[in-house]
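Visitor: Pasting a structure below so you can have a look.
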Amino acid sequence: MTTLRTSLILAFSLATAVHAAKGGPAPDPAALKIAPGFKVELIYTVPKPQQGSWVSLTQDNKGRLIACDQGGGLFRVTLPAAGSTEEPKVEPLPMPEGKPQGGAHGLLYAFDSLYVMVNEKSDKGLWRVRDTDGDDVYDKAEFIVKCDGGGEHGTHGLALGPDGKSIYFANGNHTKLPQGLAYSRPVGIGEDHTITRLWDANGHARGILAPGGYACKTDPEGKRVEFFAGGFRNMYDIAFDANGELFTYDSDMEWDMGSPWYMPTRINHLVSGGDYGWRSGAGRWPSYYADSLPAAVDIGPGSPTGTIFGTGAKFPAKYQRAMFALDWTYATVWAIHFTPDGASFKAEKEDFLGGQGFSVTDAVIGKRDGALYVTIGGRGNQSGLYRVTYTGTESTAPAAPVAVTAEAKLRQGLETLHAEGTGPEAVTKAWPYLGHKDRFIRWAARVAIEHQPAASWAEKALGEKDPQSALEALMALARMGDKALQPKLIERLGQFDYAKLSPDLRLALVRVWELTFTRMGRPTPEVCAQVVAKLDPLFPAADPYANRELVALLSYLGSPTIVAKTVPMLATAKDADITIASTEMLDRNKGYGGSVAGMHNSRPNRQAIAYVYALREARAGWTPELRKAFFGWFPTTSAWRGGNSFKKFLENIRSEALSNVVPDASERPALEALAKSAPPAPPANIVPPKGPGKNYSTAEVVALAAGGLNGRNFEQGKAMYASALCVNCHKIKGEGGNIGPDLTGAGQRYTLTDLMDNIIEPSKVISDQYGTDQIELKDGGTIVGRVTVEENGKLFVMTSALAPDALTTLDSANVKRRSPFNVSMMPAGLINGMNKDELLDLIAYVQAAGNPADKAFQK
């Protein structure tokens, strides 16, 4: 199945407020889309005036369902016998002396008790309700865990622990941690930004700090509450698989779409002491941070609600092992299929069930019939109770749990060292696994070590020789060590040979540098200069993510060259996040404004945004020319579209940059006017790609062209050549620019692999005929560009291939050093907006053009 309901669903969502007030029929099951072999039935339509809009669901010891209205009371649902056409019996479920009042986002029946996580009413938090005399009437209510937080980012779901002795609960990022935590983990929670975080441009979650959303564990009486994992935005529910592994479906911040800090909704595997990287505003940690854990699978835009595993369902084995993850906004029940991946999991999503108006809120597996029961409702929407059964031919016999991997057993063993009361032996046991190839095992080992006094293992960390082990240990030391250790930590980090590290370890090294400063403080200017001397030659790197971190770190440290190196890259930056930033949005809501071509034109370059975000705080290395180029970049973003806060974020970046990087206030009005000026007019007669595009690799393109290029659309190829701006810099048969190599006869002198390498990775090999220089000036400035003329004691430097006539003039006497710069002036990613046919037509045009004898590609 595919996500083909989006436009109808969006129309429904816009009409929700009007429709909800009046009520209306629940969606007809016949109009819903469901996986082959399954049947969905509407078994109860909730009368809204009497029973509200249901958002939570559980099942008691007699197989009855218990549901709660988002803003009202609880209801008990007695299901009819299997095969019966009778409607369920639904009755109000009174609470002892009216407590708790309802408004619960989480319900759980366990330990002969009903646990109610109150959200929308007073006394928010976890209640335990019991029937003490066996008359099937609840008569005792206890408020056992207070949780200060309410609303849609408040207190949420509940799950019975796999040990059968505990309860886990999930709270959103507007909920404070419970008071009196018996044991808090992970230790050392922090924000950890070298660049000052911009809060959400519309004020959402302003001032809310880590851990954000979190999961806790408690005993049945609520006497001991432990922090289990955090760094979530707003997961609504949690669920255990048959092996006792915990998972959630975390929300995105849809207002951030288009920005480098946007993270889609995603499925996470929760482990002891886990931090999943949510930080408010623009502070969201990327998943490549070594002190954050990644998702099992990204879903895309949405509003996560309930989660439940298929354990106990009379479904085929594949679905018994799946987690059903509910998305309210896009009216979808996802089936998440997990595959063990070392100590954790990878996953694939399947569009299992959904349709217009099917605003799903929660689900349970029926204990008696093995059916999947699903509620819809929320925000006053019409509620209904649906039953999903399997009618196909596959076996529905109970499926054995997925085999636990040796790596998972090792991780679980290390997690026992997180327990309170472990001593120095925990360091001895965990240390050998800091260098393990599995990220989740390294995580478990590091958290175990961080629970022990840093003074007991600091010297061991500083003396560790294995690069992987050393970086994990030094990360722990930066997070937990005494600030007096910073000089030793800086010295040790300076001993790593960046060039010899793998890409992952390079990112980890830069992250430990960052933590050394965010946790231990900014060092003296002299020490900053020493660190800059070590790190400056690393930028620019081949890895776009490494570049993001290096720009931020070097800006923080006061590098005198980072501005001059980075500003020219604003026009050439390759967007490393094209798939997350645009493709998911395109799939789910038809892009920005409904057209694929419009999507291509309005797609933000998240890499460039990451650069300007960091450069807004760079205080060194600015020249009048660089300021003009920097602020002149902002008009190029005018067509970019994103979430509700996207434009305001760009405005705030521009505003802060004016204050930070323009010390002379008299210059600010002109630069502000430049930043707000009309964008450059697009070249005439440009036909934009229809897309959708992707981040192409050379191997992928060669594979696409394996069947040959005969019969391609020559005119469309020529149009793509113009659209990708190739014509600005390259000549074919005497037409075009001369900044780059002449492409006449390119099909004869380049293999397809060589041609695509030059297009996709233009900085991989740079001819000295088309290179650029990094020019360091005696007055402390730096310029990056191509020297076009050198005469009469002057250098004339082209700093942008997109503005070849705008030359910067330098006095030769002011040049301190001139060295080759290893980034091409040709932008990367020029073909990424094209679909397969547009790209193949472009290649055919380039290979054929200038070869008069070859007419095979024309039609």
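The values are calculated or read from the model by the stated rules, or taken from the named source; none is laboratory data. What you see is a predicted model; the values in this text were computed from it and never measured. No Cβ is skipped: glycine too gets one built from the backbone with ideal geometry, and neighbour counts run over all protein chains shown. Side chains are part of the model used for accessible areas, which takes the heavy atoms of the whole protein and leaves out ligands, DNA and RNA. Shrake-Rupley method; radii C 1.70, N 1.55, O 1.52, S 1.80 Å.
A quick yes/no check of all residues on (1) open to solvent by 40 Å² or more (accessible area, probe 1.4 Å); (2) of a type in the set (D, E, K, R); (3) more than 30 Å from Val789 (Cα to Cα); (4) modelled with pLDDT under 85:
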residue: Ser638; (1), (2), (3), (4): yes, no, yes, no
residue: Leu658; (1), (2), (3), (4): no, no, yes, no
residue: Ala673; (1), (2), (3), (4): yes, no, yes, no
residue: Val701; (1), (2), (3), (4): no, no, yes, no
residue: Gly707; (1), (2), (3), (4): yes, no, yes, yes
residue: Gly717; (1), (2), (3), (4): no, no, yes, no
residue: Glu735; (1), (2), (3), (4): yes, yes, no, yes
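Visitor: Continuing with the same structure: Looking at region 159-184, which of the residues that are in contact (Cβ under 8 Å) with a residue 60 or more places away in the chain and crowded, with 23+ Cβ neighbours inside 10 Å is farthest from Cys216 (Cα to Cα)?
Guide: Checking each candidate, the answer is Asn173.
Visitor: While we're here: Quick check: anything in region 166-176 over 18 Å from Leu246 (Cα atoms) and out of contact with any His (no Cβ under 8 Å at 6 or more places or on another chain)?
Guide: yes
Visitor: Between Arg511, Arg519, which is at pLDDT 95 or above, charged (D, E, K, R) and under 14 Å from Tyr289 (Cα atoms)?
Guide: After applying the criteria, what remains is Arg511.
Here is a yes/no grid of residues against (1) touching a Ser or Thr at 6+ places or on another chain (Cβ under 6 Å); (2) open to solvent by less than 20 Å² (accessible area, probe 1.4 Å); (3) more than 30 Å from Gly413 (Cβ to Cβ):
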position	(1), (2), (3)
Arg446	no, yes, no
Trp457	no, yes, no
Ala470	no, yes, no
Ala476	no, yes, no
Gln495	no, no, yes
Ala499	no, no, yes
Arg519	no, no, no
Val531	no, yes, yes
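Visitor: Here is a list: Thr311, Thr329. Which entry is assigned to a loop (DSSP other than H, G, I, E, B), at pLDDT below 95 and open to solvent by 10 Å² or more (accessible area, probe 1.4 Å)?
Guide: The match here is Thr329.
Visitor: Might you check whether a residue that is surrounded by 15 or more Cβ atoms within 10 Å (Cβ to Cβ), touching a helix residue (DSSP H, G or I) at 6+ places or on another chain (Cβ under 6 Å) and among the aliphatic types (A, V, I, L, M) occurs anywhere in region 761-774?
Guide: Checking region 761-774: not a single residue is surrounded by 15 or more Cβ atoms within 10 Å (Cβ to Cβ), touching a helix residue (DSSP H, G or I) at 6+ places or on another chain (Cβ under 6 Å) and among the aliphatic types (A, V, I, L, M).
Visitor: So for region 633-649 (the condition being outside any loop (DSSP other than H, G, I, E, B) and closer than 22 Å to Ser559 by Cβ), does at least one residue qualify?
Guide: Taking every residue of region 633-649 in turn, at least one turns out to be outside any loop (DSSP other than H, G, I, E, B) and closer than 22 Å to Ser559 by Cβ.
Visitor: Continuing with this model, one more query. Regarding Pro424, is this residue touching a helix residue (DSSP H, G or I) at 6+ places or on another chain (Cβ under 8 Å) and open to solvent by 40 Å² or more (accessible area, probe 1.4 Å)?
Guide: So Pro424 passes the test.
Visitor: Have a look at Pro503, Pro560, Pro544, Pro540 and point out the one that is more than 30 Å from Pro453 (Cα to Cα), of a type outside the set (A, V, I, L, M, F, W, C), in contact (Cβ under 8 Å) with a residue 40 or more places away in the chain and open to solvent by less than 20 Å² (accessible area, probe 1.4 Å). So that I can check it myself, show each step before the final result.
Guide: Numbers: Pro503 fails: open to solvent by less than 20 Å² (accessible area, probe 1.4 Å); Pro560 fails: open to solvent by less than 20 Å² (accessible area, probe 1.4 Å); Pro544 fails: open to solvent by less than 20 Å² (accessible area, probe 1.4 Å).
Only one candidate passes the filter, namely Pro540.
Visitor: Continuing with this model, one more query. Of the conditions (1) more than 20 Å from the chain's Cα centre (by Cα); (2) buried (at least 23 other Cβ atoms within 10 Å of the Cβ), Gly188 satisfies every one except a single condition; which number is it?
Guide: (2)
Visitor: Another question, if that's okay. Specify the residue that is modelled with the lowest pLDDT; the eligible residues are those in region 373-407 that are within 30 Å of the chain's Cα centre (by Cα) and surrounded by 22 or more Cβ atoms within 10 Å (Cβ to Cβ).
Guide: Looking at the filtered set, the residue picked out is Asn381.
Visitor: I need the full set of residues from region 816-845 which are open to solvent by 30 Å² or more (accessible area, probe 1.4 Å) and either without any contact (Cβ under 8 Å) to a residue 60 or more places away in the chain or on the phi > 0 side of the Ramachandran plot (or both), in order please.
Guide: Lys816, Arg817, Arg818, Ser819, Pro820 - these are the residues of region 816-845 that are open to solvent by 30 Å² or more (accessible area, probe 1.4 Å) and either without any contact (Cβ under 8 Å) to a residue 60 or more places away in the chain or on the phi > 0 side of the Ramachandran plot (or both).
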